[in-house]
């Protein structure tokens, strides 16, 4: 059996949460339990919601000959692909919105062995149409960002059995109750290399469980033992924070330490390296001069290295009292005039 079951009583309603180990499934997208659940609930005329972390059709294209992935020329992200109203597929950078043609061969090695990757909202809708002959409704942030739009989408939701959401509404639409909610990939938020990833992932799951008391849930994960996922399925804030605080304490992250992120951006990559390297050496010198042995200082690129044509690099400072060191830095170094952006009490390192 590739899943565990967690039963809860919420608001006088019994609900079941099924945590599926996707590493033991045949397909990487819909588990056998999810496929069986969709068939069962459709046959019973019940309403299904599928949570997909990304909108549009596919996350990108990969060449199976050389492994290259086409990226935006202005941003260091893969070009995403989505279908417009004419059902034509176009490439689009989700940051700067630059449009690209869909390649028929690999731009690097010219091989024809290219395939798109990622199961995003439009592709999920296409899959459901092919497998279950169901016209699913896609609900995205752009369709629920005003009261009038929410009213309109609520009417549309009532006319469809399957709803695909990129994120849950803060409050479920009035008079709309889902019977089954499927998290297609509960791990995706954990792929961000940040100390707050587990907390965000926990609440993404936990709040869905609380705000949809009449629904049963299928949570698909390639890492079902990860503490944010497991404790969300247990619906235990206490156990989650106990484990998360242990992780933060051991590594000196807030609230057990202070974090400062200094960001520098430049259109010329060589100039970026020169500026960051010079500042990094200056900081190490001040650290030694003032005998602050325990402070951590290191440079690292952010999650997205290039945005809107500018390269980006971070210097991270971590210590129980970073503000003390920052007072020294602002006295000795003129960071603002040198083009550095300083986040004194950073809540993220990406």
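The values are calculated or read from the model by the stated rules, or taken from the named source; none is laboratory data. Just so it is clear, the structure is predicted and the values come from calculations on it, not from any experiment. Cβ sites come from the backbone with ideal geometry, for glycine too, and all protein chains shown count toward neighbours.
So is residue 272 assigned to a helix (DSSP H, G or I), touching a strand residue (DSSP E or B) at 6+ places or on another chain (Cβ under 8 Å) and surrounded by fewer than 14 Cβ atoms within 10 Å (Cβ to Cβ) or not? For residue 272, the condition - assigned to a helix (DSSP H, G or I), touching a strand residue (DSSP E or B) at 6+ places or on another chain (Cβ under 8 Å) and surrounded by fewer than 14 Cβ atoms within 10 Å (Cβ to Cβ) - is not met. With the structure loaded, tell me whether residue 21 is buried (at least 17 other Cβ atoms within 10 Å of the Cβ) and under 20 Å from residue 126 (Cβ atoms) or whether it fails that test. For residue 21, the condition - buried (at least 17 other Cβ atoms within 10 Å of the Cβ) and under 20 Å from residue 126 (Cβ atoms) - is not met. Screening residue 182 on (1) in a helix (DSSP H, G or I); (2) touching a helix residue (DSSP H, G or I) at 6+ places or on another chain (Cβ under 7 Å); (3) closer than 19 Å to residue 124 by Cα shows it passes everything except condition (1). Among the candidates 111, 68, the residue that is more than 27 Å from residue 130 (Cα to Cα), assigned to a loop (DSSP other than H, G, I, E, B) and within 23 Å of the chain's Cα centre (by Cα) is uniquely 68. Set side by side, the residues 76, 16 differ, and just one is in contact with a strand residue (DSSP E or B) (Cβ under 9 Å, 6 or more places away or on another chain), at pLDDT 90 or above and in a loop (DSSP other than H, G, I, E, B), which is 76. Each residue in the range 309-350 was checked for being closer than 17 Å to residue 270 by Cα, in contact with a strand residue (DSSP E or B) (Cβ under 9 Å, 6 or more places away or on another chain) and in contact (Cβ under 8 Å) with a residue 60 or more places away in the chain, and 3 of them qualify. Filtered by the rule that a residue be in contact (Cβ under 8 Å) with a residue 60 or more places away in the chain, surrounded by fewer than 19 Cβ atoms within 10 Å (Cβ to Cβ) and assigned to a helix (DSSP H, G or I), the range 206-229 gives a lone residue, 210.
In the range 246-269, of all residues being touching a helix residue (DSSP H, G or I) at 6+ places or on another chain (Cβ under 9 Å) and under 18 Å from residue 334 (Cα atoms), the one that is surrounded by the most Cβ atoms within 10 Å (Cβ to Cβ) corresponds to 262. In the range 84-103, the residue that is farthest from the chain's Cα centre (by Cα) out of those that are loosely packed, with under 13 Cβ neighbours inside 10 Å and at pLDDT 90 or above is 101. Of the residues making up the range 287-310, one or more are at pLDDT below 95, surrounded by 15 or more Cβ atoms within 10 Å (Cβ to Cβ) and assigned to a helix (DSSP H, G or I).
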